[in-house]
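> Next up is a structure, given as structure tokens.
The values are calculated or read from the model by the stated rules, or taken from the named source; none is laboratory data. As the structure is a computational prediction, the values presented were derived from the model and not from experiment. Cβ sites come from the backbone with ideal geometry, for glycine too, and all protein chains shown count toward neighbours.
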Amino acid sequence: MEALTDNDGSQGDIPTDLEPHVARFTTLVPATVSAPDTRLPEYQRSRLPVVGRAEERAEGDVMKLTEGHDLNVMYICVPPGKGFAQHKHSNWEMLLILSGKWEITTPNGGKVILDPWDVMMVPGGIYHDAKNISDEDAYLAGINPGNVQAQFFFHPDIMKRVAEVDPAAAGSTKSV
């Protein structure tokens, strides 16, 4: 098989050391910023920034894939019966199911069950949530374009509940 080349026959600057372009799962550090919904018991989870979202990384996290990419990738690990609350993004969000069984719902009664390797594209502006309906911890990857578009905004009903348990956290209806 021949290598693909540009019109001028060159292959561009091909790095010989590919390691700087790799995010190793074993070296990921949990996000230091927790979303307001995590104050509620049914929304406990851990979030592992993979690409982008430098502002959520722990001090000393030397992850290489933080800047210069118009993409955010976050691994989310959720215990059985837990999930994340109704929220929306300005732009699309892709949910890539890595393990477990997930129930995705919308406030208008929309519901779908996703299994490992299923992918769902949630359009921008659509409130949605996810719940791990497996018997063990489950992972998904949340993928969003850009930095500003990756911000998410919680449904007002969720923020009212957050305000009851943590008024300070309820002061922010969004997280980045």
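> Can you find even one residue in segment 94-101 that is touching a Ser or Thr at 6+ places or on another chain (Cβ under 7 Å), modelled with pLDDT of 95 or more and surrounded by fewer than 19 Cβ atoms within 10 Å (Cβ to Cβ)?
yes
> Pairs please, first residue from segment 106-126 and closer than 15 Å to residue 152 by Cβ, second anywhere and loosely packed, with under 12 Cβ neighbours inside 10 Å and basic (Lys, Arg), Cβ atoms under 6 Å, 6+ apart in sequence or on different chains.
Matching pairs, first to second residue: none at all.
> May I pose another question? Going by the conditions given, is residue 130 in contact with a Gly (Cβ under 6 Å, 6 or more places away or on another chain), assigned to a strand (DSSP E or B) and under 18 Å from residue 36 (Cα atoms)?
yes
> Of the residues 17, 8, which single one is modelled with pLDDT under 80 and either farther than 22 Å from residue 139 by Cβ or assigned to a loop (DSSP other than H, G, I, E, B) (or both)?
Sole residue among the options that is modelled with pLDDT under 80 and either farther than 22 Å from residue 139 by Cβ or assigned to a loop (DSSP other than H, G, I, E, B) (or both): 8.
> Mind checking whether some residue in segment 113-120 is assigned to a strand (DSSP E or B) and exposed (fewer than 14 other Cβ atoms within 10 Å of the Cβ)?
Checked against the condition, which is being assigned to a strand (DSSP E or B) and exposed (fewer than 14 other Cβ atoms within 10 Å of the Cβ), segment 113-120 yields at least one hit.
> Taking into account only those residues within segment 25-71 that are charged (D, E, K, R) and at pLDDT 75 or above, which is surrounded by the fewest Cβ atoms within 10 Å (Cβ to Cβ)?
Ranking the candidates gives 70 first.
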